[in-house]
1. Cβ-Cβ under 7 Å, sequence separation 6+ or interchain: first residue in segment B:36-56 and at the interface with chain A (Cβ under 8 Å from one of its Cβ atoms), partner hydroxyl-bearing (Ser, Thr, Tyr) and part of a strand (DSSP E or B). Which pairs?
2. Restrict the check to segment A:70-87 and report whether at least one residue is polar (S, T, N, Q), within 8 Å of chain B (Cβ to nearest Cβ) and either within 14 Å of the chain's Cα centre (by Cα) or loosely packed, with under 15 Cβ neighbours inside 10 Å (or both).
3. Please count how many residues of segment A:1-47 are in a loop (DSSP other than H, G, I, E, B) and either among the small types (Gly, Ala, Ser) or at the interface with chain B (Cβ under 9 Å from one of its Cβ atoms) (or both).
4. Is it true that residue A:53 is exposed (fewer than 15 other Cβ atoms within 10 Å of the Cβ), out of contact with any strand residue (DSSP E or B) (no Cβ under 8 Å at 6 or more places or on another chain) and either more than 8 Å from chain B (Cβ to nearest Cβ) or touching a residue at least 60 places away in the same chain (Cβ under 8 Å) (or both)?
5. For segment A:67-99, name all the residues that are closer than 23 Å to residue B:95 by Cβ and touching a residue at least 60 places away in the same chain (Cβ under 8 Å).
6. State the number of residues belonging to segment B:63-83 that are assigned to a strand (DSSP E or B) and either surrounded by fewer than 22 Cβ atoms within 10 Å (Cβ to Cβ) or among the aromatic types (Phe, Trp, Tyr) (or both).
7. Between B:94, B:86, which is of a type in the set (A, V, I, L, M), under 25 Å from residue A:37 (Cα atoms), surrounded by fewer than 19 Cβ atoms within 10 Å (Cβ to Cβ) and over 12 Å from the mean Cα position of the chain (by Cα)?
8. Scan segment B:65-116 for residues that are of a type outside the set (Gly, Ala, Ser) and more than 10 Å from chain A (Cβ to nearest Cβ) and report the count.
Amino acid sequence: DGGITQSPKYLFRKEGQNVTLSCEQNLNHDAMYWYRQDPGQGLRLIYYSQIVNDFQKGDIAEGYSVSREKKESFPLTVTSAQKNPTAFYLCASSMAGEMSPQHFGDGTRLSIL
Amino acid sequence: AQSVTQPDIHITVSEGASLELRCNYSYGATPYLFWYVQSPGQGLQLLLKYFSGDTLVQGIKGFEAEFKRSQSSFNLRKPSVHWSDAAEYFCAVAMYSGGGADGLTFGKGTHLIIQP
């Protein structure tokens with residue numbers, strides 16, 4: 001079945017470490033997104049990519065980095081510069097064009113040790 | 001800038017009763033609107049979407065939503081809720097540039113509790 005796979009489901013980070021969250025999709029979607037979810041805050045856009053080798057900052061990009069070397073993959077790195085990284089991270093993808101809804105993975109929960 | 005407001009943080013409904021979840025948006029152009037549902041610890045599932053045309057849209061699981069431009073609203077309804085409907089519900093508006101979809105702006109969500 002086609003879908004979006006996020007791994008790992010749970011991730012723990014020590015202070016000062018960078019960690020990378022994986023997002024893979026086999027839906028042949030052009031666009032991919034990363035959102036952060038905090039309790040009572042809804043979802044906020046971190047980064048998005050509409051095509052391979054190109055990406056744009058969202059509303060809360062500081063302390064994060066991404067790459068888009070393959071259409072299927074859009075990994076997110078949470079750097080040590082992100083002062084409050086504990087959150088639930090959701091990856092999404094969609095076809096190009098204005099009438100394509102986003103499909104979401106099951107998320108990665110990141111916690112600081 | 002676009003924004004989405006879901007005025008109700010929590011709503012409690014008895015099983016079998018009707019449901020309406022409120023959503024108001026602020027967006028300069030024609031909005032593309034969505035409702036998503038999230039079970040605890042899971043990703044988001046699309047319930048329904050509005051792009052244009054008929055202002056009453058039908059979705060999955062018996063949900064429907066009505067777009068009212070004059071009120072900048074996109075409220076979600078269900079005539080009779082089931083215990084399995086207990087979840088977090090998010091309203092969202094899509095942002096687009098000439099290059100395509102730039103992401104979604106979400107409301108903060110409404111937590112639905114179903115009483116037996």
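1. Close Cβ pairs (under 7 Å, with a partner that is hydroxyl-bearing (Ser, Thr, Tyr) and part of a strand (DSSP E or B)) amount to B:44/B:36; B:45/B:36; B:46/B:36.
2. Going residue by residue through segment A:70-87, those that are polar (S, T, N, Q) are A:73, A:77, A:79-80, A:82, A:84, A:86.
Of the ones still in play, those that are also within 8 Å of chain B (Cβ to nearest Cβ) are none.
Within segment A:70-87, none of the residues are polar (S, T, N, Q), within 8 Å of chain B (Cβ to nearest Cβ) and either within 14 Å of the chain's Cα centre (by Cα) or loosely packed, with under 15 Cβ neighbours inside 10 Å (or both).
3. First pass over segment A:1-47, keeping only residues in a loop (DSSP other than H, G, I, E, B): A:1-3, A:8-9, A:14-18, A:26-30, A:39-41.
Of the ones still in play, those that are also either among the small types (Gly, Ala, Ser) or at the interface with chain B (Cβ under 9 Å from one of its Cβ atoms) (or both) are A:2-3, A:9, A:16, A:30, A:40-41.
Qualifying residue count, segment A:1-47: 7.
4. Numbers: exposed (fewer than 15 other Cβ atoms within 10 Å of the Cβ): yes; out of contact with any strand residue (DSSP E or B) (no Cβ under 8 Å at 6 or more places or on another chain): yes; either more than 8 Å from chain B (Cβ to nearest Cβ) or touching a residue at least 60 places away in the same chain (Cβ under 8 Å) (or both): yes.
Yes; evaluated as a whole, the condition is true for this residue.
5. A:89, A:90, A:91, A:92, A:93, A:94, A:95, A:96
6. Of all residues in segment B:63-83, those assigned to a strand (DSSP E or B) come to B:64-68, B:73-78.
Filter once more, keeping what is either surrounded by fewer than 22 Cβ atoms within 10 Å (Cβ to Cβ) or among the aromatic types (Phe, Trp, Tyr) (or both): B:64, B:66-68, B:73-75, B:77-78.
Qualifying residue count, segment B:63-83: 9.
7. Values: B:94 fails: surrounded by fewer than 19 Cβ atoms within 10 Å (Cβ to Cβ).
It is B:86.
8. Filtering segment B:65-116 for residues of a type outside the set (Gly, Ala, Ser) gives B:66-69, B:71, B:74-79, B:81-83, B:85, B:88-91, B:93, B:95-96, B:102, B:104-106, B:108, B:110-116.
Those still in the list that are more than 10 Å from chain A (Cβ to nearest Cβ) too: B:66-69, B:71, B:74-79, B:81-83, B:85, B:89, B:93, B:110, B:112-116.
Final tally of qualifying residues: 23.
The values are calculated or read from the model by the stated rules, or taken from the named source; none is laboratory data. No experiment lies behind these values; they were computed from the predicted model shown. Note that we place each Cβ from the backbone using ideal geometry, even for glycine, and neighbour counts take in every protein chain shown.
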